[in-house]
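Below you'll find the structure, written out as structure tokens, and then a few comments.
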Amino acid sequence: MNSLLLNKSEKNKIQPLELIARIGVFGTFLGHGITAYGINPKWIPLLMAFGFSGEQAVSIMPYIGVLDIIVAIVILIYPIRIVLFWALFWTFLTALSRPISGDSILELFERSSNWVLPLVLILIKYHPKNKIK
């Protein structure tokens, strides 16, 4: 009976690598969320590169910020698969917005940790062959 309880509690234990990745994604989304909520003028051209006007960019940025903060909290507490895929998609898209808006392609690679950490969490949590024991 005790070994059954021990195995069950071990299954719920967060591995160090997963915890580090969760904290990294949390920090990325919390920081960007707070910045977007405050309407960062430097990000207006990034949204304009995807067809938004300057006014639209200013209008939607606080909503993006709130969504980023929610994503940060969810991933820190319990990384749900769909939220992790959203985090991967969103961080890759935002990193890609740099070269699309006229910055160097190096800006995409500089931000690779933002989109690689959600990918790491997806592999740790939801790819059975890669589960860390």
Query - Largest to smallest accessible area among LYS42, LYS125, LYS13 [probe 1.4 Å] - result: LYS42, LYS13, LYS125
Query raised in the report: Taking Rh as the Kirkwood radius, which is the inverse of the mean 1/r over Cα pairs, what is the Rg/Rh value for the chain?
Result: 1.09
Query raised in the report: In nm, to one decimal, how far is the ILE60 label point from the ILE14 one, both placed 7 Å along Cα→Cβ?
Result: 3.1 nm
Query raised in the report: Using a simple charge model, +1 on the beta-carbon of Lys and Arg, -1 on the beta-carbon of Asp and Glu, nothing else, what dipole does segment 11-84 show about its Cα centre, in debye to the nearest 20?
Result: 360 debye
Requested in this report: Mind pulling the angle between the C-alpha long axis of helix 16-37 and the longest principal axis of the chain? Nearest 10 degrees, somewhere in 0 to 90.
Outcome: 30 degrees
Query raised in the report: Given a Förster radius of 41 Å and the C-beta distance between ILE77 and ASN40 as r, what FRET efficiency does 1/(1 + (r/R0)^6) yield to the nearest 0.05?
Result: 0.95
Query raised in the report: Where the accessible area of the chain is counted over protein heavy atoms with a 1.4 Å probe, how much of it, in %, is carbon and sulfur?
Result: 69 percent
Report summary line: Expressed in nanometres to one decimal, the distance between label points 7 Å along Cα→Cβ at SER53 and ASP103 is 2.6 nm
Report summary line: With all protein chains in place and a 1.4 Å probe, THR35 shows an accessible area in Å² (nearest 10) of 50 Å²
Requested in this report: Measure nothing fancy, just the Cα-based angle from helix 54-77's long axis to the longest principal axis of the chain, in degrees from 0 to 90, nearest 10.
Outcome: 10 degrees
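The values are calculated or read from the model by the stated rules, or taken from the named source; none is laboratory data. It should be emphasised that the depicted structure is a prediction, and the values quoted were computed from it without experimental measurement. Cβ atoms come from the backbone with ideal geometry, glycine included; neighbour counts cover every protein chain shown. Heavy atoms of the whole protein, side chains included, go into the accessibility calculation; ligands, DNA and RNA do not. Shrake-Rupley method; radii C 1.70, N 1.55, O 1.52, S 1.80 Å.
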